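**Q** Before anything else, here's the structure in question.
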Amino acid sequence: MWKQFLFEASIVAVQTVTLFGLCATIGISGADRRAKANSVRPLGLDLYQPEPAGNPATPDKVQLGQRLFRERLLSRDRSIACVDCHQPKRAFADGRAKAVGVYGRQGPRSVPTLINRAWGESFFWDGRTSTLEEQVVLPIQAETEMDLTLDEAVLRLRQKRRYRNAFAAVFDREPNPDDLAQALAAYVRTILAGDSPYDRYLFGKPDALSARELAGLRLFQGEANCSVCHSGPMFSDERFHNTGIAWQDGKYLDEGRAFVTEQQQDRGKFKTPTLREVARTGPYMHDGSLATLEDVVNFYANGDRKNPYLDSALRPLTLTDDDKDALAAFLRSLTGRVIEGP
């Protein structure tokens, strides 16, 4: 009975945070972000969406960003666009273990989903940028992705009348790197996911989750300890953790967060990914090494990737096969509705 009380109390707490959009829970600063209500937002997301004061969204700006997101001339060989790695049908991931760029070049990590990044506090697996305006132009420049300098990208845009006219209409000037970043970021902030069976259960429909999914939710918030990192409406604490996934044969195959901070304690740490739409964003982990949700559950249940900086919250779990099936079923219940655009 006591465990059931705690479980129900945690559900009420999540409802309260989600319904009232407490800014403190997502670190919104009044100095550099503007919160706005959005009545068409999918169920389950925070009621207020952060937006930088220096880049307010307008329908025309978002529409331009959406067009640029699908524009292949922004890659060296004109073969790929942002949308090729962030595919709407895959919840804005790509279904590959590692990213593939121009000329078939393979990147070192998997493609993270772009859903709900309006609430993001840092970007990329290692958190190398703190704003979407910084993030959206780095893939254009990356050698293993689109491999084009921003000067070259802007020159190509200026050579197209449709883009000269569009930038003039939105920004009152010709294409330039800053406005390219602002348009893309404004669009990415419109990519939202929610209204899943879990959300409908949370908001008063007790039959939205099956008995197995509900058992998985109890494990997620209880014995399995998943909600320690996968918390809040985004199912991510936006922090960095060493789960042991990068540790093999006595060494780190990827330095993770330490690539940015150069701090030993950050070796093998990666940003907690959102679990929304997780059934559509596999394979999993920063290296795409786990093919299925069952593989992910087994990985955490085993807890056998001990290394010098393993997160203290991780430990082997005594889960039965039924428990593991229930957890995977709950994760699939986080699949809902994805929207984008102006």
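Every number here is computed from the coordinates shown, using simple stated rules; none is lab data. Just so it is clear, the model here is predicted, and its values are computed rather than measured. When we count neighbours, we look across all protein chains shown, and the Cβ atoms used for this are built from the backbone with ideal geometry, even at glycine.
**Q** How big is the range 59-188 by the Kirkwood estimate over distinct Cα pairs, in Å?
**A** Numbers: mean 1/r = 0.0677 Å⁻¹.
Evaluated on the range 59-188, it is 14.8 Å.
**Q** For labels at Phe203 and Val228 in the simple 7 Å Cα→Cβ model, what's the distance in nm?
**A** Distance between label points: 3.1 nm.
**Q** Run the numbers on the chain and let me know its relative contact order in percent, using alpha-carbon pairs under 8 Å that are six or more apart. Kindly include the intermediate steps, with their values, before the conclusion.
**A** Values: 625 pairs, mean separation 68.6, N = 342.
Reported as a whole number, the value is 20 percent.
**Q** A further question follows. Could you please report the charge total around Pro108, scoring K, R as +1 and D, E as -1 over all other residues with beta-carbon less than 9 angstrom from its beta-carbon?
**A** Details: positive: Lys98, Arg109; negative: Asp254, Asp287.
Computed value for this residue: 0.
**Q** Which log10 I(q)/I(0) values does the chain give at q = 0.06, 0.08, 0.11 Å⁻¹ under the Debye formula, counting every alpha carbon as one identical point scatterer?
**A** -0.22, -0.40, -0.75
**Q** Under Stokes-Einstein, with the Kirkwood radius over Cα pairs standing in for Rh, what whole-number D in µm²/s applies to the range 253-342 at 20 °C and 1.002 mPa s? List each step's numbers first, then the result.
**A** On the way: Rh = 15.0 Å.
In µm²/s, the coefficient is 143.
**Q** Starting from the range 261-312, pick out the trypsin sites (Lys or Arg not before Pro) whose DSSP state is loop and whose Cβ has at most 10 other Cβ atoms within 10 Å.
**A** Lys306
**Q** As an exercise, take the mean of 1/r over every pair of distinct alpha carbons in the range 194-339, invert it, and state the Kirkwood radius in angstroms.
**A** Working: mean 1/r = 0.0628 Å⁻¹.
Value: 15.9 Å, from the Cα pair sum.
**Q** Among 226-238, 67-79, what's the highest-first ranking by average C-beta atoms within 10 angstrom per residue? Working shown, then result.
**A** Numbers: 226-238: 19.8, 67-79: 17.8.
Most protected by this proxy first, the peptides run 226-238, 67-79.
**Q** Could you pull out the trypsin sites (Lys or Arg not before Pro) across the range 109-196 that fall in loop regions by DSSP (anything but H, G, I, E, B) with no more than 11 other Cβ atoms inside 10 Å?
**A** On the way: sites: Arg109, Arg117, Arg128, Arg156, Arg158, Lys160, Arg161, Arg162, Arg164, Arg173, Arg189; in loops: Arg109, Arg128, Lys160, Arg173, Arg189.
Within the range 109-196, the qualifying trypsin sites (Lys or Arg not before Pro) (loop, at most 11 other Cβ atoms within 10 Å) are Arg173.
**Q** Could you tell me which residue out of Pro108, Ala208, Pro52 lies farthest along the dipole of the chain toward its positive end? Charges go on the beta carbon: Lys and Arg +1, Asp and Glu -1, centred on the Cα centre.
**A** Looking along the dipole axis, the top candidate is Pro52.
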